[in-house]
Amino acid sequence: MDKEIRDKFIELFNHEPLLVCAPGRINIIGEHTDYNMGFVLPAAIDKHIVFGVAANNSYKHRFFAYDLKDSSEINIDTIEKTDKQWVNYLLGVIAQIQKENKIVKGVDCVVGGNIPLGAGLSSSAALETGFAFALNEIFGFNFSKEQLVKMSQIAEHEYAGVKCGIMDQFASVFGKKDHVIRLDCRSLEYKHFPLKLDDYDIFLCDTRVKHTLASSEYNTRREECETGVAILKKHKPEVESLRDVDMELLQEHKGDFNPTVYKRCKFVVEEIGRLTEACDELEKGNVKRVGELMYQTHAGLRDDYEVSCKELDILVDIAERSGVVIGSRVMGGGFGGCTINIVHKSDESKFIDLATAEYKGKTGIDLFIYKVSIQDGTHIIN
Ligand code: GLA
């Protein structure tokens with residue numbers, strides 16, 4: 001991919017680019033906990049976006065999307081949303097850098113990759129972090145990695161309209177080969193630890209559906225959690241987020257909640273607990289228990305948080321009944337995209353054959369399955 005991007009860049013712009021690689025991510029457990037100031041357990045993966053970027057000494061940004069075969073020219077003085085979503089992610093990043101009183105001179109950029117779009121593997125975060133990283137490098141802005149993460153997150157809020165948490169951008173930047181990141185989304189303290197899955201591998205099953213509800217429902221979930229926090233704050237003023245809430249407090253004030261908001265909050269409080277337990281079990285090498293917790297997460301996301309969909313439920317059901325998948329659940333925002341599955345190495349082909357056939361039979365859709373390896377975060381390609 002690097003070579004294709006570089007060649008295309010030289011063909012289009014006739015000078016040499018800086019090459020940057022920004023990966024997508026998985027998340028073992030801890031879903032919808034990031035914007036509730038809880039913990040997450042993501043890792044960067046071997047699906048990525050590659051950027052060729054260089055300053056062009058002009059008043060225009062010239063962008064080319066390699067996979068879409070689409071181009072766009074933007075005057076450097078008019079950074080505002082366009083009707084092309086892929087361009088908006090890039091402009092969103094430039095807008096954040098400008099807010100920091102830095103001048104982004106004209107750049108040429110070719111971008112392309114192998115992160116499936118809409119599969120919940122954070123292609124949009126990779127688009128933001130990779131571009132932010134590249135601009136930081138070529139113009140010497142000296143932003144820290146953490147600043148790049150935060151600017152990319154706000155780019156997503158303002159230019160894509162999704163009030164996402166920090167997990168995806170953080171994982172894309174801070175990923176480390178063969179390690180997961182235990183991130184405290186309140187303090188942004190994090191710890192890399194080796195993912196020792198022994199005889200198991202991680203597989204993603206791509207439903208290949210993305211329901212249009214996804215971003216509006218995501219923002220609604222976030223508001224519902226905020227409503228819950230406001231209710232509990234009346235009783236306990238030090239509550240700032242669902243991170244500060246336990247089941248006892250929630251149950252005590254159940255009467256103040258409408259049932260939907262209660263279910264949302266219950267899920268988040270339980271999920272933060274599950275993540276803590278999963279980390280302890282991973283350290284002990286008890287992968288089976290982690291898998292059980294993943295199934296519980298799926299049930300919570302389906303019944304209480306209500307971000308699953310028919311296709312995802314079918315896949316988790318196939319996994320559970322197969323007897324060869326120790327953990328399976330919807331991963332990421334929901335409403336389509338992928339399930340994450342932990343499968344014993346010796347059962348790999350059995351699982352693939354079974355899931356492919358059953359999913360096709362039940363939905364008519366050809367299932368895509370990706371075996372995941374864990375890679376470094378956003379970096380320059382030499
Ligand atoms: C999306 C968001 C993340 C996170 C997950 C759910 O991927 O971008 O910030 O909230 O959903 O865990």
If you take every residue apart from residue 93 with its C-beta less than 12 Å away from the C-beta of residue 93, what net charge results, scoring Lys and Arg +1 and Asp and Glu -1?
-1
Leaving out same-chain residues fewer than 8 places away, which aspartates and glutamates sit with a Cα under 19 Å from that of residue 196?
46, 178, 277, 280, 281, 283, 292, 347, 348, 376
Calculate I(q)/I(0) for the chain by the Debye formula, one identical point scatterer on each C-alpha and no solvent, and give its log10 at q = 0.07, 0.08, 0.12, 0.15 Å⁻¹ to two decimals.
-0.32, -0.41, -0.91, -1.31
For residue 62, net neighbour charge (Lys/Arg +1, Asp/Glu -1) across residues whose Cβ lies under 14 Å away
0
Report the full-extension gain for the segment residue 145 to residue 251: residue separation times 0.36 nm, less the Cα-Cα distance, to one decimal in nm.
34.2 nm
So what's the net charge close to residue 134: Lys and Arg +1, Asp and Glu -1, counting the other residues with Cβ under 12 Å from its Cβ?
-3
Can you list the aspartates and glutamates whose alpha carbon sits under 16 Å from that of residue 8, skipping same-chain ones fewer than 8 residues off?
16, 67, 70, 108
Give the calculated FRET efficiency between residue 102 and residue 324 to the nearest 0.05, with a Förster radius of 35 Å applied to their Cβ-Cβ distance.
0.10
One finds the C-alpha centres of the stretch 66-113 and the stretch 130-195 to be spaced, in Å, by 18
Which order do peptides 132-139, 206-213, 68-75 fall in by mean Cβ count within 10 Å, highest first?
132-139, 206-213, 68-75
How much length is gained if the chain between residue 60 and residue 234 is pulled fully straight, taking 0.36 nm per residue apart and subtracting their Cα-Cα distance, in nm to one decimal?
57.5 nm
Most mobile of 313, 246, 199 per a Gaussian network model of the chain (Cα springs, under 10 Å)?
199
Considering the options 38, 179, 162, tell which one lies farthest towards the positive end of the dipole of the chain, charges being +1 on Lys and Arg and -1 on Asp and Glu at the Cβ, about the Cα centre.
162
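No lab work stands behind these numbers, since they all come straight from the coordinates. Remember, predicted model here, so these are calculated numbers, not experimental data. Counting neighbours? That spans all protein chains shown, and the Cβs are built from the backbone with ideal geometry, glycine included.
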